[in-house]
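The values are calculated or read from the model by the stated rules, or taken from the named source; none is laboratory data. From a predicted model like this one, the values you see are computed outputs, not experimental measurements. Because the Cβ atoms are built from the backbone with ideal geometry, glycine has one as well, and the counts that use them run over all protein chains shown. To get the accessible areas, we keep the full protein, side chains included, count just its heavy atoms, and leave off ligands, DNA and RNA. Shrake-Rupley method; radii C 1.70, N 1.55, O 1.52, S 1.80 Å.
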Amino acid sequence: MTEVCIVGAGGYGRVVLSQLLDDDAYGKEWRIAGFLDGRVDVLDGYSTGFDIIGDPMTYVPRRQDVFVCAIGQPSFRPTYVAPLLAKGAHFINILTEAYLGRNVTLGDGCFFERRVTVGPDCRIGNFVMLHSLSVLGHDVVVGDYSQISCFSFVGGGVQIGAGVTVFPHATILPGRRIGDGATIGAGSVVLHDVPPGATMFGNPAKRIS
């Protein structure tokens, strides 16, 4: 049977594990092999039922392995998935209890928490994370390694670049463009386009760095 290796055993790794154990495919299409993490003591004091089986920087994928990225910080994700991808690792998408509209396209390695809503004709890149109760309207584009946190709303036609972090309860109005590496603060309301690398906060959102 296919075995899932969870890349990252920190707090978000345990969140991912919890969802995987509740996913309909668990025990039917795949089982869980364990965690990949270079911190050998990161699970000390926690009873997960699964061990650290290797370091993502040096692990050699086996034929039965597939991978799920559980690195919570978007900027760190490329560092830990690149060595595995270079060795031919296959990252799967986990979409437990998510609602996807028609004609949604997904990259590889996406992780959607429960009760995510994605409107029709959205295009989602690789290693994107959508947290619980986030909503994407129609025709939204989300770049690789971006993260949209819980209770956020992204209006129709919004274009989000790569490596963007949208914190909880943010609202991005329809048609806006969010540049690569930008950060949208918690509770912010984005009325205008956001340049690459900018940090925005407030209602209306203003640039703070």
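Data overview
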read-out	value
Residue check, Phe127 part of a loop (DSSP other than H, G, I, E, B), touching a strand residue (DSSP E or B) at 6+ places or on another chain (Cβ under 7 Å) and either over 17 Å from Val194 (Cα atoms) or touching a residue at least 12 places away in the same chain (Cβ under 8 Å) (or both)	yes
Selected residue [in contact with a Cys (Cβ under 7 Å, 6 or more places away or on another chain), free of Cβ contacts under 8 Å to residues at least 24 places away in the same chain and assigned to a loop (DSSP other than H, G, I, E, B)] from Asp108, Asp121, Asp139	Asp139
Answer from Gly34, Gly10, Gly45 - the residue that is within 26 Å of Thr183 (Cβ to Cβ) and not polar (S, T, N, Q)	Gly10
Among residues of segment 22-50, those that are over 18 Å from the mean Cα position of the chain (by Cα), among the aromatic types (Phe, Trp, Tyr) and open to solvent by less than 90 Å² (accessible area, probe 1.4 Å), counted	3
Selection count, segment 149-177, where residues are closer than 22 Å to Val15 by Cα, over 16 Å from the mean Cα position of the chain (by Cα) and open to solvent by less than 30 Å² (accessible area, probe 1.4 Å)	1
Segment 55-66 residues that are in contact (Cβ under 8 Å) with a residue 40 or more places away in the chain, paired with ones that are polar (S, T, N, Q) and not in a loop (DSSP other than H, G, I, E, B) (beta carbon under 7 Å, 6 or more apart)	Gln64/Thr2; Val66/Thr2
Selection from segment 168-193 of residues that are closer than 19 Å to Val128 by Cα and of a type in the set (A, V, I, L, M)	Ala170, Ile172, Ile178, Ala182, Ile184, Ala186
Filter result for Asp180 (within 18 Å of the chain's Cα centre (by Cα), open to solvent by 30 Å² or more (accessible area, probe 1.4 Å) and closer than 21 Å to Asn103 by Cβ)	no
Cross-chain or 6+ apart pairs with Cβ under 6 Å, segment 191-208 first and among the hydroxyl-bearing types (Ser, Thr, Tyr), then surrounded by 17 or more Cβ atoms within 10 Å (Cβ to Cβ)	Thr199/Thr183
Test result for Ser146, touching a helix residue (DSSP H, G or I) at 6+ places or on another chain (Cβ under 9 Å), at pLDDT 95 or above, open to solvent by less than 10 Å² (accessible area, probe 1.4 Å) and within 27 Å of Leu85 (Cβ to Cβ)	yes
For Val68: the one exception among (1) among the hydrophobic types (A, V, I, L, M, F, W, C); (2) surrounded by fewer than 19 Cβ atoms within 10 Å (Cβ to Cβ); (3) touching a Cys at 6+ places or on another chain (Cβ under 9 Å)	(2)
Conditions (1) open to solvent by 20 Å² or more (accessible area, probe 1.4 Å); (2) within 26 Å of Arg123 (Cα to Cα); (3) in contact with an Asp or Glu (Cβ under 8 Å, 6 or more places away or on another chain); (4) of a type in the set (S, T, N, Q): number failed by Gln19	(1)
Residue ID - surrounded by the most Cβ atoms within 10 Å (Cβ to Cβ), chosen from residues in segment 75-99 that are outside any helix (DSSP H, G or I) and out of contact with any strand residue (DSSP E or B) (no Cβ under 9 Å at 6 or more places or on another chain)	Lys87
